[in-house]
Amino acid sequence: MSKSKKLIVGNWKMNPKTLAKAQTTFLLISKKVTKIASPKVQVVICPPSIFIPKIISKKVLLGAQNVFQEAEGAYTGEISASMLDDAGVSFVIVGHSERRARGETNEIVAQKVKAALSFGITPILCIGEATRDDSGEYHAFLKKQLTESLSLIPKTWIPKVVIAYEPVWAIGKNAIREATPEESEEMAIFIKKILSDLSGDAHKKTRILYGGSATVNNAEAFLSKGGVDGLLVGRDSLNPENFTEIIAIAKRV
Ligand code: PGA
């Protein structure tokens, strides 16, 4: 996928409560996306997996919020990349901080990145520090997260991965504060440098997203000054009006 296209991803997390509400929300978003359709913006929504087969989508691509690393077998409760592929999923969020907080290590994340790509699903690899320190330790933390999470795939596959920079301190309704577009830009440059060390020119083709309290109010600033190719939106992706406005902003930025 070309980097000139903006990528707007909605992460619905464990919402909404019912399939009926999920279908209504999705329909409202996809109707608007069809109206404002633009080759300049790619839109992905990641609903809870149980709703995915019941959502019909044309202009909006479907993503999952997690994948299991093994292809099949005795793994109670898990969903494989081949199952997601069969259900029409083309993107999957991998290593979200809310999953890392419950034990997902870089090693597991690396296996998931590889599993997704093996079935032609684009992983949206989430990285981000929990806190910032004056001595810049968070740079080393981020470098470790990124390099270890990409360690199981050939260098030539790196441009197929979307990297989402999500500072944990800026995510969700308990966020300490919003990140600034300048902070996003600084980290996007840092990520590109790591990618370039890993695989030469790969960083030129790898898409980077900003996520963490990205809303209709700051989307323009992050998209124009944040040094990124798109956004990973949590709460505001459940609000059809706001989410489609973010898409409209991405179209004109
Ligand atoms: P938020 O979530 O936009 O609600 O902060 C972002 C995310 O966790 O992906």
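The values are calculated or read from the model by the stated rules, or taken from the named source; none is laboratory data. Being a predicted model, the structure only gives us computed values, none of them experimental. No Cβ is skipped: glycine too gets one built from the backbone with ideal geometry, and neighbour counts run over all protein chains shown. Remember, those area values only see protein heavy atoms, side chains included, never the ligands or the DNA or RNA. Shrake-Rupley method; radii C 1.70, N 1.55, O 1.52, S 1.80 Å.
Annotations for the structure displayed:
- Of every Cα-Cα pair in the range 6-252, the percent that sits beyond 34 Å: 10 percent
- Residue-normalised accessible area of the range 6-252, expressed per residue, 1.4 Å probe, Å²: 47 Å²
- Pairs of Cα atoms nearer than 8 Å and 6+ residues apart set the relative contact order; for the range 1-151 it is 18 percent.
- Positive dipole terminus of the chain, leading residue within Ile194, Leu84, Ile56 (C-beta point charges): Ile56
- Projected-area average for the range 108-202 over all orientations - Cα convex hull basis, square nanometres: 6.5 nm²
- Converting phi to 3J(HN,Hα) with the Karplus coefficients 6.51, -1.76 and 1.60 and the offset θ = phi - 60°, the range 84-100 yields 5, 4, 5, 8, x, 7, 10, 10, 9, 6, 10, x, 4, 4, 5, 8, 4 Hz in sequence order, with x at every glycine or proline.
- Using a cutoff of 8 angstrom between alpha carbon atoms and counting only pairs six or more residues apart, the relative contact order for the chain works out to 22 percent.
- GNM result for the chain, Cα springs below 10 Å: residue of Gly136, Gly77, Gly103 fluctuating most strongly: Gly77
- For the range 3-105, alpha-carbon Rg over 2.2 N^0.38 Å: 1.13
- Span per principal axis, largest first, for the Cα atoms of the range 35-87 (Å): 44, 20, 15
- 3J(HN,Hα) couplings calculated from phi for the range 246-253 with the Karplus curve 6.51 cos²θ - 1.76 cosθ + 1.60 (θ = phi - 60°) are, in sequence order, 4, 5, 4, 4, 4, 5, 9, 5 Hz; Gly and Pro show x.
- Whole-Hz couplings from phi, Karplus 6.51/-1.76/1.60, listed for the range 37-48; x for Gly and Pro: 2, 8, x, 7, 10, 10, 10, 10, 10, 10, x, x
- Between His96, Leu146, Gln111, the Cα set farthest toward the positive side of the dipole of the range 86-165 (charges on each charged residue's Cβ, about the Cα centre) is that of Gln111.
- Amide hydrogen neighbours beyond the local backbone of Lys6, cut-off 5 Å, H modeled: Val41, Gln42
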